[in-house]
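Structure, as structure tokens:
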Amino acid sequence: MSIAIEGSRFLIRTQKNLYVMEADEHGLLRHVYYGKDIPLGATFELKCPTTAFGESPSKNRSYYHHIIAQEYPVYGRSDFRQGVLHVRNDVHGDTLLNLIYKSYSLSQKTPNIKGQPCVRNTNSPSETLTITLADESLGVSVDLLYTIFEESDVIVRSAVIKNNGSASLELLSALSLALDIPADKRWEMITLNGAWARERKTERFPLTYGIHAISSTQGNSSSNFHNPACLLVRPETTENYGDAIACSLIYSGNHQTQVELNTFDHVRLSIGINPFDFQWHLEPGEIFQTPQAVLCYSDEGIGAVSREMHSFVQQRLIPPQWKDHPRYILLNNWEGTYFDFDDRKIVSMAKDAADLGIELFVLDDGWFGQRNDDKTSLGDWFPNMEKIKSGIGDLSRRVSALGIKFGLWFEPEMISEDSELFRKHPEWRIECPRYKPCQGRNQYVLDLTREEVVDYLYDSVATILKDSDISYVKWDKNRNLTDIMSIALPPQRQKEFTHRYMLGLYRLLDRLTSDFPHILFEGCASGGNRFDLGMLYYHPQIWASDNTDAVQRLDIQWGTSMFYPLASIGSHVSAIPNHQTSRHTSIQLRGAVAMFGTFGYELDTEKISIEDKEIVKQQVKAFKKYRQLIHQGEFHRISDPDTNIACWNVSSLDKSEALVLAVRVITQGNPGSFNVRVPNLIPDALYRIDELGITAYGAELAQMGIWMPMLRSQIKETELSCFCSWTAKEGDPSFADFSGMIFHIIRIK
Ligand code: GLA
């Protein structure tokens, strides 16, 4: 890790990569290079041309912004691509801006962004380069921040825009970064797209001329439509080979991730707060700080950048006390009981869970106010005394006395019309006085741009947390913003609403997670509607999807793993037929897929068979044994579920063991055989796989691969048999499909 300044050139070196920019003779901060390090030194004479024919205007006839790679481009001075900063001055009303390089500074720290989730300082060194650009005629300056880390190949960028002038300004857009990749159109983009119950499905497509943007306009969510991240790869790039650039945003609200390919074959990647319906008013002396964005490059394929992102999230983003802390195996009552429970039922489920070896019982929706369905009581964060007769404090202590931790569901950002809170404070609901606000799941959203609302929510949640024996909170959010307007904001600040909402939410989460550091907060938003780096700063784990079907989960967890570590992916075993897809899969397969996440159960323990209970016990025991390997190891994707063979593995950092999941999704008559090549082992070390009765060298496992057995009878009984549904239960048609197994590879020499 180093940052060097050579004249007007800036060279940022991470573990394996080099990022170069320079201020040119016109003061324009140009992007020069991002890729694998050139350790022996570079002449930098291989620059992209800056001249072009045609009718483009320019300052002198050989200088055209729109074919120059820039660091923080703006529109209006011969760059006809979309810029990342757009400012309107309130004196003349024009939007021209001319940013010129002024100065730089270096610091040995990670900058703290006040009020927003951001990268954490740790004991491991980091370095930050700040480059200041300014338009002195307008009194605008921009600090571009680049932070790098001793232990990582990631670069974190953000921008601080200052109004140094004497009149106010309007920010019309202020993205977190641009990355210009000059003169080669042969790039492909990978994005994660979906909807409720089918979140984060990967899509890969070649760039074509013009713009491709993914974004959120949901206001309070980064969204399950498009995750705030993307990958750029070359056509030849695979999981293990070739150029891959990952880019992701530490933000949970409206985002925009955009790639523009212009007709000179230059690629511009940008990411930040969505400019759509955004504006920010800056009085003289005020600043605007963009969210941080994360960049990562590797020439060793998509898998390598995923692993860099995983380690970055674990080391630098999640609350540090959870970094090495084992994730609790939990039982959540939602799919088991929905709203239909009382304290007797809860204690009985918690007792079952404790007997099964489960470590945490989570009481989901329905414990508060008058809540017996989804029509009432959001906002009334005190116990429903008809169901929980002695209150939450007493219930939590009764559950703890069974030897199992207690967790509780909240949805603090919401309000029901039928609630005491609404009767007292109807003005706290987000609405525009001209219209009747839209309902979503019979509920409305609270105006978190107002300090008093955030304070009320802090007090009501903190009161319960203080009075009870609570080790876990599930923080849910089940509707998006509509009717966006706050009666507490003046007209010229209404377009600030969604970002101010996010700042209010971050303030609330910051206070609660700092004041209750021993509580594990799990994020949730109708499943995985807010799975992003912003939320991971507060919630070390996030419920990945309301879809608990093991087959669809293969896809969801495969996509999620592109950017997010397994320790962050909330995954549960639920009952069959599955409540979202009606599919029947074996308890073994459900366990095997959930194992590659935080792991837990979401079913009525009083309704599972004695046989399945025994399997659950074994699964819980096995997860406890392998949890550290799964959560701290290196994750490799091997075969995409779309190919009908889903396969991935986790190996320990010292490569002495690995755990592999292999699933044949749909059974075929007389199927072809399939082979699993296991990456990331030591080539000349000898390994044993008890489940398959095999001993082989690492090189054999990687290069020849393992031929998966055709028949269940060829698989040995081990402690991992509780995850094995290979070729199903012979003769049982309900389990003909979805054969899967986990095998453990252990070094013996
Ligand atoms: C959302 C969550 C579920 C559950 C319900 C409760 O849908 O994603 O896991 O908590 O709310 O209402």
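Odds and ends about this structure:
- Matching option when the condition is at pLDDT below 95 and of a type in the set (Asp, Glu), among GLU717, GLU691, GLU730: GLU730
- Annotation: VAL551 fulfils all but one of (1) open to solvent by less than 10 Å² (accessible area, probe 1.4 Å); (2) away from the ligand (no atom under 16 Å from the Cβ); (3) under 23 Å from GLY336 (Cβ atoms); (4) touching a Leu at 6+ places or on another chain (Cβ under 9 Å); the unmet one is (1).
- Filter result (farther than 21 Å from ALA646 by Cβ and either among the aliphatic types (A, V, I, L, M) or away from the ligand (no atom under 16 Å from the Cβ) (or both)) within segment 582-614: LEU603, THR605, GLU606, LYS607, ILE608, SER609, ILE610, GLU611, ASP612, LYS613, GLU614
- Search result, residues across segment 182-198 that are in contact with a His (Cβ under 7 Å, 6 or more places away or on another chain) and either among the basic types (Lys, Arg) or farther than 27 Å from ASN529 by Cβ (or both): PRO182, ALA183
- Test: residue in segment 666-679 that is open to solvent by less than 20 Å² (accessible area, probe 1.4 Å) and over 33 Å from the mean Cα position of the chain (by Cα): no
- Verdict on LEU533 being of a type outside the set (Ser, Thr, Tyr), away from the ligand (no atom under 13 Å from the Cβ), over 18 Å from SER216 (Cβ atoms) and crowded, with 24+ Cβ neighbours inside 10 Å: no
- Hits in segment 700-720 (condition: surrounded by 18 or more Cβ atoms within 10 Å (Cβ to Cβ) and either touching a residue at least 60 places away in the same chain (Cβ under 8 Å) or aromatic (Phe, Trp, Tyr) (or both)): LEU720
- Some residue of segment 279-292 being part of a helix (DSSP H, G or I) and modelled with pLDDT of 95 or more: no
- Within segment 373-398, the only residue that satisfies the criterion of being farther than 28 Å from SER571 by Cβ, within 12 Å of the ligand (Cβ to nearest atom) and open to solvent by 30 Å² or more (accessible area, probe 1.4 Å) is LYS375.
- Subset of segment 303-331 that is closer than 19 Å to LYS36 by Cβ and open to solvent by less than 10 Å² (accessible area, probe 1.4 Å) - its residue that is nearest to the chain's Cα centre (by Cα): MET309
The rows are residues; the columns are (1) touching a residue at least 40 places away in the same chain (Cβ under 8 Å); (2) out of contact with any Phe, Trp or Tyr (no Cβ under 8 Å at 6 or more places or on another chain); (3) hydroxyl-bearing (Ser, Thr, Tyr).
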position: ASP352; (1), (2), (3): yes, yes, no
position: VAL362; (1), (2), (3): yes, no, no
position: MET385; (1), (2), (3): no, yes, no
position: ASP394; (1), (2), (3): no, yes, no
position: PHE406; (1), (2), (3): yes, no, no
position: THR449; (1), (2), (3): yes, no, yes
position: VAL454; (1), (2), (3): yes, yes, no
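- Check on GLY272, small (Gly, Ala, Ser) and open to solvent by 10 Å² or more (accessible area, probe 1.4 Å): no
- Top-ranked residue in segment 303-328 [being in a loop (DSSP other than H, G, I, E, B) and not hydroxyl-bearing (Ser, Thr, Tyr); ranked as farthest from SER124 (Cα to Cα)]: ARG327
- Filtered residue count, segment 468-493, keeping only those that are more than 28 Å from the chain's Cα centre (by Cα) and either closer than 30 Å to TYR435 by Cβ or modelled with pLDDT under 95 (or both): 8
- Restricting attention to segment 573-622, the residues being in contact (Cβ under 8 Å) with a residue 60 or more places away in the chain, of a type outside the set (Val, Ile, Thr) and within 16 Å of PHE723 (Cα to Cα) number 19.
- For CYS296, the conditions (1) modelled with pLDDT of 95 or more; (2) surrounded by fewer than 20 Cβ atoms within 10 Å (Cβ to Cβ) are fulfilled apart from (2).
Table: residues versus (1) closer than 26 Å to ARG493 by Cβ; (2) open to solvent by less than 30 Å² (accessible area, probe 1.4 Å); (3) modelled with pLDDT of 95 or more; (4) aromatic (Phe, Trp, Tyr).
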position	(1), (2), (3), (4)
ILE113	yes, yes, no, no
VAL119	no, yes, yes, no
THR128	no, yes, yes, no
VAL142	yes, yes, yes, no
PHE149	no, yes, yes, yes
ILE155	no, yes, yes, no
SER158	yes, yes, yes, no
LEU192	no, yes, yes, no
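- Residue within segment 474-481 that is under 20 Å from GLN321 (Cβ atoms) and either away from the ligand (no atom under 16 Å from the Cβ) or not in a loop (DSSP other than H, G, I, E, B) (or both) present: yes
- Boolean, ARG511 is open to solvent by 10 Å² or more (accessible area, probe 1.4 Å) and touching a residue at least 24 places away in the same chain (Cβ under 8 Å): yes
- The C-beta contact set for segment 667-690 (first residue charged (D, E, K, R), second residue modelled with pLDDT of 95 or more and not in a loop (DSSP other than H, G, I, E, B), distance under 6 angstrom, 6+ apart or interchain) comprises ARG677/ALA702; ARG688/THR695; ARG688/ILE746.
- Filtered residue count, segment 1-22, keeping only those that are in a strand (DSSP E or B) and over 36 Å from the mean Cα position of the chain (by Cα): 1
- Hey, TYR697 over 20 Å from SER586 (Cα atoms), at pLDDT 95 or above, among the aromatic types (Phe, Trp, Tyr) and open to solvent by 50 Å² or more (accessible area, probe 1.4 Å) or not: yes
- Only one of ALA567, ALA646, ALA594, ALA575 that is in contact with a helix residue (DSSP H, G or I) (Cβ under 8 Å, 6 or more places away or on another chain), open to solvent by 10 Å² or more (accessible area, probe 1.4 Å) and among the small types (Gly, Ala, Ser): ALA575
- Counting only strands (runs of 3 or more DSSP E) wholly contained in segment 136-196, the ones carrying 2 or more residues that are of a type in the set (Gly, Ala, Ser) and in contact with a strand residue (DSSP E or B) (Cβ under 7 Å, 6 or more places away or on another chain) occupy 154-163, 169-181.
- Residue list for segment 23-43, restricted to those being open to solvent by 30 Å² or more (accessible area, probe 1.4 Å), hydrophobic (A, V, I, L, M, F, W, C) and either at pLDDT below 80 or part of a loop (DSSP other than H, G, I, E, B) (or both): ILE38, LEU40, ALA42
The values are calculated or read from the model by the stated rules, or taken from the named source; none is laboratory data. Keep in mind it's a predicted model, so treat the numbers as computed, not measured. Here Cβ is always computed from backbone atoms with ideal geometry, including for glycine, and neighbour counts include all displayed protein chains. Note: areas computed on protein heavy atoms with side chains; ligands, DNA, RNA excluded. Shrake-Rupley method; radii C 1.70, N 1.55, O 1.52, S 1.80 Å.
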